[in-house]
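One structure is given here, and the rest of the page talks about it.
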Amino acid sequence: MKSINYLIIAMTLLVACNNATVKKTDNKPGAQSQAAAAAADQHKVVAKDILQTSGYTYLLLTEGDKEYWAAVSRFEAEKGKTYFYKSGMEMQNFKSKELNRTFESIQFIQDFSDQPIPEKKAVALTTKGRQSMEKVEGIKVEPVSGGVKLSEIFANKANFAGKKVKVTGQVIKFSPEIMNKNWVHIQDGTEANGSYDLTITTLDTVEVGKVVTLEGVIAVDKDFGYGYKYDVLLEEAKVVK
């Protein structure tokens, strides 16, 4: 089984995503009823056409008599194959720079699998408390001259709101072309108030695993709707090193 994760995002929205794992159900009545409920609460679609970019797989899906485009994190999709998902977020007039194409309507999907997706506890995509991005152990990155540690921002977010700051960290996730910008997650090994991963929006491209320095403006308590809330977000950032 392939389990595909999307990071809205979209916006990044995007965020971090959970791998769907299919578990074999037993013969207990409760297990059967739960499996039936899970099967009913999802979409069963067929991939009619496929377009690949560096970060996403775009699929023309058929569902009954409906036909629509969807985007998920890049994977090796197959035409004519059946897939499953539970929910998506529609974006209208979305332009893909790599495809040089504007989709009148497209669904950005988080969990996308070639097997029915089991019921699981929903996780809010928020930077409050334990974040959706897991903490990567072993990272120890010092700020450049004039820069600040991520822990300083998380511990004093009100003081940094609206201010331009320079941060350095290791790229944990990169999600391109969501809402006409790229979404980046970095960590520097520091932590405060349960936060350790900073989400950044930028027009620049970075490579996962690399240490980068970016400069942008801090926004706090940012709410994009659809459950995408950020205690701290670095916006309009540019790579400076």
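Taken together, the values in this text are just the output of simple stated rules run on the coordinates, not laboratory data. Quick caveat: nothing in here was measured; it's all calculated off a predicted structure. Here Cβ is always computed from backbone atoms with ideal geometry, including for glycine, and neighbour counts include all displayed protein chains.
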Neighbour-count ranking [beta-carbon atoms within 10 angstrom, fewest first] of Lys173, Lys163, Lys135: Lys163, Lys135, Lys173
Relative contact order for the stretch 150-239: what is it in percent, counting Cα pairs under 8 Å that are at least 6 residues apart? 32
Using only the Cα atoms of the stretch 184-233, build the gyration tensor, take square roots of its eigenvalues as a ≥ b ≥ c, and label the shape rounded, prolate or oblate: rounded if a/c is under 1.5, else prolate if a/b is larger than b/c, else oblate. oblate
Suppose each label sits 7 Å from its Cα in the direction of the beta carbon; what would the Glu98-Glu191 distance come out to in nanometres? 3.2
Evaluate 2.2 N^0.38 Å with N set to the residue count of the stretch 150-239, then give the Cα radius of gyration divided by it. 0.99
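Arrange the following residues from fewest to most other Cβ atoms within 10 Å of their Cβ: Thr199, Thr205.
Thr205, Thr199
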Using label points projected 7 Å from each Cα along Cα→Cβ, tell me how many nm separate Lys229 and Asn180, to one decimal. 2.7
Please give the net charge around Ala47, taking every other residue with its beta carbon less than 9 angstrom from that of Ala47, where Lys and Arg add +1 and Asp and Glu add -1. +1
Counting Lys +1, Arg +1, Asp -1, Glu -1, what net charge surrounds Lys149 among other residues with beta carbon under 12 Å of its beta carbon? -2
